[in-house]
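The structure appears below as C-alpha coordinates.
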Amino acid sequence: MSQISEKRHFSHRLRDTNSAFLPARPASTGPVRVGFILQPHFSMMAFTAAVDALVTANLVQATPLFGFTTFGLNATTVRSDLAIDISANATLDELVLEGEDALDVLIVCGGFRCNLNEHPPLSQKLKTAAKRQKVLGGLWNGAVALAHAGVLDHLNCAMHPDNHAFARERFPLVQMSPQTMVVEARILTSAGPNSALEMMLALIERLHGTDTVRAIREIL
(Lines give C-alpha, C1' and ligand atoms only; values in the text may rest on other atoms or scores of the structure.)
Protein backbone atom coordinates (compact mmCIF):
# COMPACT_ATOMS: atom_id res chain seq x y z
CA MET A 1 0.00 0.00 0.00
CA SER A 2 1.28 3.47 -0.84
CA GLN A 3 2.44 5.53 2.07
CA ILE A 4 2.97 9.22 2.48
CA SER A 5 6.34 10.09 3.96
CA GLU A 6 6.59 12.09 7.10
CA LYS A 7 8.13 14.66 4.75
CA ARG A 8 4.71 15.39 3.23
CA HIS A 9 4.81 19.14 3.55
CA PHE A 10 4.87 22.01 1.09
CA SER A 11 6.71 24.57 3.26
CA HIS A 12 5.04 27.00 5.65
CA ARG A 13 4.11 29.43 2.90
CA LEU A 14 2.53 26.72 0.77
CA ARG A 15 0.48 25.42 3.65
CA ASP A 16 -1.17 28.83 3.86
CA THR A 17 -2.43 28.93 0.30
CA ASN A 18 -2.96 26.36 -2.40
CA SER A 19 -2.32 28.84 -5.19
CA ALA A 20 1.24 29.37 -3.99
CA PHE A 21 2.00 25.77 -4.95
CA LEU A 22 2.15 26.83 -8.59
CA PRO A 23 3.99 29.67 -10.33
CA ALA A 24 2.12 32.96 -10.58
CA ARG A 25 -0.39 32.98 -13.43
CA PRO A 26 -3.13 35.39 -14.55
CA ALA A 27 -6.33 35.37 -12.51
CA SER A 28 -8.30 34.26 -15.57
CA THR A 29 -6.09 31.22 -16.08
CA GLY A 30 -7.59 27.93 -17.21
CA PRO A 31 -6.81 24.38 -16.15
CA VAL A 32 -3.49 23.49 -14.54
CA ARG A 33 -1.18 22.28 -17.32
CA VAL A 34 0.61 19.00 -16.65
CA GLY A 35 3.31 17.57 -18.89
CA PHE A 36 4.33 13.89 -18.87
CA ILE A 37 7.75 13.06 -20.29
CA LEU A 38 7.60 9.46 -21.52
CA GLN A 39 10.97 7.75 -21.46
CA PRO A 40 11.36 4.65 -23.67
CA HIS A 41 9.99 1.59 -21.80
CA PHE A 42 8.10 3.79 -19.33
CA SER A 43 5.67 2.03 -16.98
CA MET A 44 2.27 2.08 -18.65
CA MET A 45 0.52 1.27 -15.39
CA ALA A 46 2.18 4.11 -13.48
CA PHE A 47 1.50 6.57 -16.29
CA THR A 48 -2.16 5.63 -16.72
CA ALA A 49 -2.71 5.71 -12.95
CA ALA A 50 -1.41 9.28 -12.84
CA VAL A 51 -3.45 10.36 -15.86
CA ASP A 52 -6.57 8.64 -14.51
CA ALA A 53 -6.45 10.86 -11.44
CA LEU A 54 -6.36 14.00 -13.60
CA VAL A 55 -9.09 12.85 -15.98
CA THR A 56 -11.33 11.89 -13.08
CA ALA A 57 -10.67 15.23 -11.39
CA ASN A 58 -12.12 16.90 -14.47
CA LEU A 59 -15.27 14.80 -14.12
CA VAL A 60 -16.08 15.91 -10.60
CA GLN A 61 -16.04 19.65 -11.27
CA ALA A 62 -18.15 21.82 -13.54
CA THR A 63 -15.07 23.13 -15.37
CA PRO A 64 -11.87 21.19 -16.20
CA LEU A 65 -9.24 21.42 -13.49
CA PHE A 66 -6.35 19.94 -15.48
CA GLY A 67 -5.02 19.59 -18.98
CA PHE A 68 -2.17 17.24 -19.83
CA THR A 69 0.32 16.82 -22.65
CA THR A 70 2.71 13.95 -23.35
CA PHE A 71 6.26 14.34 -24.63
CA GLY A 72 8.75 11.90 -26.13
CA LEU A 73 12.45 12.50 -25.69
CA ASN A 74 13.30 12.48 -29.40
CA ALA A 75 10.17 11.22 -31.16
CA THR A 76 6.42 11.34 -30.81
CA THR A 77 6.16 7.54 -30.75
CA VAL A 78 7.31 6.02 -27.48
CA ARG A 79 7.34 2.31 -26.64
CA SER A 80 6.01 1.44 -23.19
CA ASP A 81 7.10 -1.43 -20.95
CA LEU A 82 4.21 -3.46 -22.40
CA ALA A 83 5.72 -3.16 -25.90
CA ILE A 84 2.80 -0.94 -26.85
CA ASP A 85 3.69 2.18 -28.80
CA ILE A 86 2.15 5.39 -27.49
CA SER A 87 1.75 8.51 -29.62
CA ALA A 88 3.02 11.48 -27.63
CA ASN A 89 1.70 14.97 -28.34
CA ALA A 90 5.14 16.48 -28.88
CA THR A 91 8.86 16.04 -28.35
CA LEU A 92 11.03 17.37 -25.54
CA ASP A 93 12.32 20.30 -27.58
CA GLU A 94 8.72 21.53 -27.97
CA LEU A 95 8.10 21.61 -24.22
CA VAL A 96 7.18 25.16 -23.19
CA LEU A 97 8.07 26.54 -19.77
CA GLU A 98 7.27 30.22 -20.19
CA GLY A 99 4.49 32.31 -21.64
CA GLU A 100 0.76 31.66 -21.84
CA ASP A 101 1.20 28.02 -22.88
CA ALA A 102 3.75 27.18 -20.19
CA LEU A 103 3.38 23.97 -18.23
CA ASP A 104 2.77 24.17 -14.49
CA VAL A 105 3.71 20.61 -13.60
CA LEU A 106 6.32 18.39 -15.27
CA ILE A 107 6.46 14.66 -14.53
CA VAL A 108 9.09 12.21 -15.78
CA CYS A 109 7.72 8.71 -16.39
CA GLY A 110 10.20 5.92 -15.81
CA GLY A 111 9.98 2.15 -15.91
CA PHE A 112 11.79 -1.11 -15.20
CA ARG A 113 13.88 -1.06 -18.40
CA CYS A 114 14.34 2.70 -18.74
CA ASN A 115 17.88 3.87 -19.43
CA LEU A 116 19.30 5.36 -16.23
CA ASN A 117 22.03 7.36 -17.98
CA GLU A 118 21.66 11.12 -18.13
CA HIS A 119 19.86 12.62 -21.10
CA PRO A 120 21.37 16.16 -21.19
CA PRO A 121 18.44 17.88 -22.98
CA LEU A 122 16.07 16.47 -20.36
CA SER A 123 18.34 17.60 -17.53
CA GLN A 124 18.39 21.10 -18.99
CA LYS A 125 14.59 21.21 -19.22
CA LEU A 126 14.26 20.07 -15.62
CA LYS A 127 16.81 22.61 -14.39
CA THR A 128 14.96 25.39 -16.21
CA ALA A 129 11.63 24.19 -14.81
CA ALA A 130 13.05 24.19 -11.29
CA LYS A 131 14.37 27.74 -11.70
CA ARG A 132 10.89 28.81 -12.79
CA GLN A 133 9.40 27.11 -9.73
CA LYS A 134 7.43 24.52 -11.62
CA VAL A 135 6.19 21.46 -9.78
CA LEU A 136 8.31 18.43 -10.73
CA GLY A 137 7.52 14.75 -10.38
CA GLY A 138 8.91 11.31 -11.07
CA LEU A 139 7.12 8.00 -11.60
CA TRP A 140 8.76 4.60 -10.96
CA ASN A 141 12.44 5.61 -11.47
CA GLY A 142 11.68 8.96 -13.07
CA ALA A 143 13.36 10.48 -10.03
CA VAL A 144 16.68 9.42 -11.57
CA ALA A 145 16.25 12.09 -14.25
CA LEU A 146 15.47 14.64 -11.54
CA ALA A 147 18.60 13.60 -9.69
CA HIS A 148 20.72 13.95 -12.84
CA ALA A 149 19.40 17.53 -13.10
CA GLY A 150 20.44 18.25 -9.51
CA VAL A 151 16.96 19.20 -8.35
CA LEU A 152 16.82 16.43 -5.71
CA ASP A 153 20.01 17.35 -3.85
CA HIS A 154 19.45 17.19 -0.06
CA LEU A 155 15.84 16.07 -0.56
CA ASN A 156 14.03 12.80 0.07
CA CYS A 157 12.67 10.94 -2.92
CA ALA A 158 10.78 7.74 -3.71
CA MET A 159 11.95 5.35 -6.40
CA HIS A 160 11.38 1.75 -7.40
CA PRO A 161 13.40 -0.47 -5.00
CA ASP A 162 15.33 -2.05 -7.88
CA ASN A 163 17.01 1.31 -8.49
CA HIS A 164 17.89 2.26 -4.90
CA ALA A 165 21.43 0.86 -5.00
CA PHE A 166 22.20 2.66 -8.26
CA ALA A 167 20.81 5.94 -6.95
CA ARG A 168 22.68 5.77 -3.64
CA GLU A 169 25.96 5.21 -5.44
CA ARG A 170 25.40 7.73 -8.22
CA PHE A 171 23.65 10.51 -6.24
CA PRO A 172 25.10 10.72 -2.71
CA LEU A 173 23.34 14.03 -2.03
CA VAL A 174 19.90 12.54 -2.65
CA GLN A 175 18.15 10.89 0.29
CA MET A 176 16.48 7.65 -0.80
CA SER A 177 13.28 7.02 1.10
CA PRO A 178 11.91 3.56 1.98
CA GLN A 179 8.43 5.00 1.36
CA THR A 180 6.64 4.41 -1.94
CA MET A 181 5.73 8.09 -2.26
CA VAL A 182 7.40 11.28 -1.08
CA VAL A 183 6.03 14.80 -1.39
CA GLU A 184 8.54 17.59 -0.87
CA ALA A 185 8.06 21.34 -1.38
CA ARG A 186 7.71 21.32 -5.18
CA ILE A 187 8.87 17.78 -5.90
CA LEU A 188 6.67 14.67 -5.91
CA THR A 189 8.06 11.17 -6.48
CA SER A 190 6.55 7.71 -6.46
CA ALA A 191 7.84 4.16 -6.86
CA GLY A 192 5.07 2.36 -8.74
CA PRO A 193 1.52 2.40 -10.13
CA ASN A 194 -0.38 2.52 -6.82
CA SER A 195 1.83 5.25 -5.43
CA ALA A 196 1.63 7.13 -8.75
CA LEU A 197 -2.11 7.46 -8.20
CA GLU A 198 -1.61 8.58 -4.61
CA MET A 199 1.04 11.07 -5.71
CA MET A 200 -1.36 12.71 -8.14
CA LEU A 201 -4.13 12.74 -5.54
CA ALA A 202 -1.76 14.53 -3.19
CA LEU A 203 -1.17 17.14 -5.88
CA ILE A 204 -4.89 17.49 -6.57
CA GLU A 205 -5.68 17.80 -2.88
CA ARG A 206 -3.09 20.53 -2.49
CA LEU A 207 -4.58 22.50 -5.37
CA HIS A 208 -8.29 21.79 -5.07
CA GLY A 209 -8.97 20.45 -1.60
CA THR A 210 -10.04 17.26 0.11
CA ASP A 211 -13.60 17.31 -1.24
CA THR A 212 -12.34 16.99 -4.80
CA VAL A 213 -10.07 14.10 -3.88
CA ARG A 214 -12.88 12.40 -1.97
CA ALA A 215 -15.07 12.59 -5.05
CA ILE A 216 -12.27 11.16 -7.21
CA ARG A 217 -11.78 8.25 -4.82
CA GLU A 218 -15.48 7.46 -4.93
CA ILE A 219 -15.31 7.15 -8.71
CA LEU A 220 -12.03 5.23 -8.87
Taking GluC sites (Glu not before Pro) in a DSSP loop with at most 12 other Cβ atoms within 10 angstrom as exposed, one finds the longest site-free stretch of the chain at 101-220
Excluding ligands and nucleic acids, what accessible area in Å² is computed for residue 160 using a 1.4 Å probe, to the nearest 10?
40 Å²
Indicate the gyration tensor shape class of the stretch 83-208 (rounded, prolate or oblate), computed on the Cα atoms with a ≥ b ≥ c the square roots of the eigenvalues: a/c under 1.5 is rounded; otherwise a/b larger than b/c is prolate and the rest oblate.
rounded
What is the percent carbon and sulfur in the accessible area of the chain, measuring with a 1.4 Å probe over the protein chains and ignoring ligands?
51 percent
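For the chain, what relative contact order do you get, as a whole percent, if you take Cα pairs closer than 8 Å and at least 6 residues apart?
Details: 462 pairs, mean separation 56.4, N = 220.
Rounded, it is 26 percent for the chain.
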Once the principal axes of the Cα atoms of the stretch 140-220 are found, what is the range along each, listed largest first in whole angstroms?
42, 23, 17
Table column - 3J(HN,Hα) (Hz), the stretch 79-95, Karplus curve with 6.51, -1.76, 1.60, x for Gly and Pro
8, 7, 5, 8, 6, 9, 7, 10, 8, 7, 6, 7, 9, 4, 5, 9, 6
Among 76-84, 44-52, how do they line up by average Cβ neighbours within 10 Å per residue, starting with the highest?
44-52, 76-84
Given the -39500 (n - 2.57) contribution per DSSP H run of 4+ residues, what per-residue ellipticity at 222 nm results for the chain, rounded to the nearest 500 deg cm²/dmol?
-10000 deg cm²/dmol
Which loop-located chymotrypsin sites (Phe, Trp or Tyr not before Pro) does the stretch 63-124 contain, where loop means any DSSP state but H, G, I, E or B and the Cβ has at most 15 other Cβ atoms within 10 Å?
112
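On average, how much accessible surface per residue is there in the chain, in Å², for a 1.4 Å probe, leaving out ligands, DNA and RNA? Write out the running numbers ahead of the final one.
On the way: 10290 Å² over 220 residues.
With the other protein chains kept in place, the chain gives 47 Å² per residue.
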Reciprocal mean inverse distance between Cα atoms of the chain - Kirkwood radius, Å
17.1 Å
Can you grab the distance from the C-alpha centre of the stretch 48-94 to the C-alpha centre of the stretch 151-220, Å, no decimals?
18 Å
Expressed as a rounded percentage, what relative contact order does the stretch 104-220 have, with Cα pairs under 8 Å and six or more residues apart?
22 percent
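The values are calculated or read from the model by the stated rules, or taken from the named source; none is laboratory data. Everything numeric here is computed off the predicted structure, so don't read it as measured data. We place every Cβ from the backbone using ideal geometry, glycine too, and count neighbours over all the protein chains shown. Ligands, DNA and RNA are stripped out before the accessible areas are found, and what is left, the full protein with its side chains, is counted by its heavy atoms. Shrake-Rupley method; radii C 1.70, N 1.55, O 1.52, S 1.80 Å.
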